[in-house]
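All remarks here apply to the structure that follows.
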Amino acid sequence: GAGVSQTPSNKVTEKGKYVELRCDPISGHTALYWYRQSLGQGPEFLIYFQGTGAADDSGLPNDRFFAVRPEGSVSTLKIQRTERGDSAVYLCASSLNGGGSSTDTQYFGPGTRLTVL
Amino acid sequence: DQQVKQNSPSLSVQEGRISILNCDYTNSMFDYFLWYKKYPAEGPTFLISISSIKDKNEDGRFTVFLNKSAKHLSLHIVPSQPGDSAVYFCAASAGNTPLVFGKGTRLSVIA
């Protein structure tokens with residue numbers, strides 16, 4: 001079956017602009033996660049959705065970052081007034097049950113590489 | 001403060017030999033540990049996991065060992081194959097908290 005897909009695969013923008021990154025989870029997965037991976041680092045947790053609601057947004061670095069999942073499937077990560085330090089690969093993952101269960105395997109998409117000039 | 005540390009950025013192993021990737025953690029509340037493998041331009045892929053109630057979990061060529069007293073886990077791959085060349089991430093969680101990843105170790109298996 002289809003895995004997690006993310007669009008666009010690459011996004012180049014200028015400092016101060018607004019960007020939206022999209023994630024299509026595996027069909028039927030109720031949990032969706034966003035991570036950010038900077039160069040030379042591992043993925044860092046940003047936000048977790050259970051269904052339509054954000055169950056844990058403790059990883060969002062500041063209020064320029066926002067994510068939605070209005071129908072409990074596709075999610076969009078939105079970044080306002082982008083800064084050069086936002087440049088990273090943004091990864092999305094989904095899991096079947098979520099509930100915050102660490103034993104519920106997360107399946108990752110290929111990521112969106114964001115470059116802020 | 002890094003809670004999950006992979007102190008070797010890279011490792012080179014000959015095909016057929018054992019690869020040992022190490023991971024240390026500082027948070028004694030962590031109770032579930034995972035290894036992910038990542039190829040270039042792809043997302044991380046789940047490889048193997050272990051609960052803190054165990055000290056070993058095996059899946060084919062892959063075995064994860066957990067030493068709770070030392071707060072250390074390791075991934076053994078034997079025999080190593082060229083297709084195993086990738087970046088390996090160690091991750092951990094405490095109960096229902098988000099996964100915390102290490103920085104990764106790049107494994108190169110030389111034919």
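Read-outs throughout are calculated quantities, based only on the coordinates presented, and are distinct from any laboratory measurement. All values derive from a computational prediction rather than experimental measurement. Positions of Cβ are backbone-derived with ideal geometry, glycine not excepted, and every protein chain shown enters the neighbour counts.
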note = Checking B:Val87, B:Val78, B:Val64 against a Gaussian network model of chain B (alpha-carbon springs below 10 Å), the top fluctuating residue turns out to be B:Val78
remark   = Checking B:Pro44, B:Pro79, B:Pro98 against a Gaussian network model of chain B (alpha-carbon springs below 10 Å), the top fluctuating residue turns out to be B:Pro98
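Please give the average number of partner chain Cβ atoms lying within 10 Å of the Cβ of each residue in B:29-36, rounded to a whole number. Could you put the intermediate results ahead of the total?
On the way: counts 0, 1, 1, 3, 1, 4, 0, 4.
Across the residues of B:29-36, the mean count of other-chain Cβ atoms within 10 Å is 2.
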message = Per-residue Cβ counts within 10 Å, from other chains only, averaged over B:37-43: what number is that?
response = 5
request  = Calculate the mean, over all residues of peptide A:33-42, of how many other protein chain Cβ atoms lie within 10 angstrom of the residue's Cβ.
outcome  = 4
query = What lysines could a cross-link reach from A:Lys11, if we take a straight Cα to Cα line under 24 Å and drop same-chain neighbours fewer than 8 places away?
reply = A:Lys78, B:Lys38, B:Lys103
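My understanding is that a pair violates if its Cα-Cα distance is over 27 Å; which of B:Lys5/B:Lys54; A:Lys17/B:Lys5; A:Lys15/B:Lys5 do that in this structure?
Numbers: B:Lys5/B:Lys54 21 Å; A:Lys17/B:Lys5 35 Å; A:Lys15/B:Lys5 32 Å.
In this structure, A:Lys17/B:Lys5; A:Lys15/B:Lys5 lie more than 27 Å apart at Cα.
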task = Can you tell me the alpha carbon radius of gyration of chain A divided by the globular rule-of-thumb value 2.2 N^0.38 Å?
result = 0.99
request  = Determine the relative contact order of chain A: mean sequence separation of Cα pairs under 8 Å and six or more apart, normalised by residue count, in whole percent.
outcome  = 36 percent
inquiry  = Connecting C-alpha atoms closer than 10 Å in a GNM of chain A, tell me which of A:Arg81, A:Arg69, A:Arg22 has the biggest fluctuation.
reply    = A:Arg81
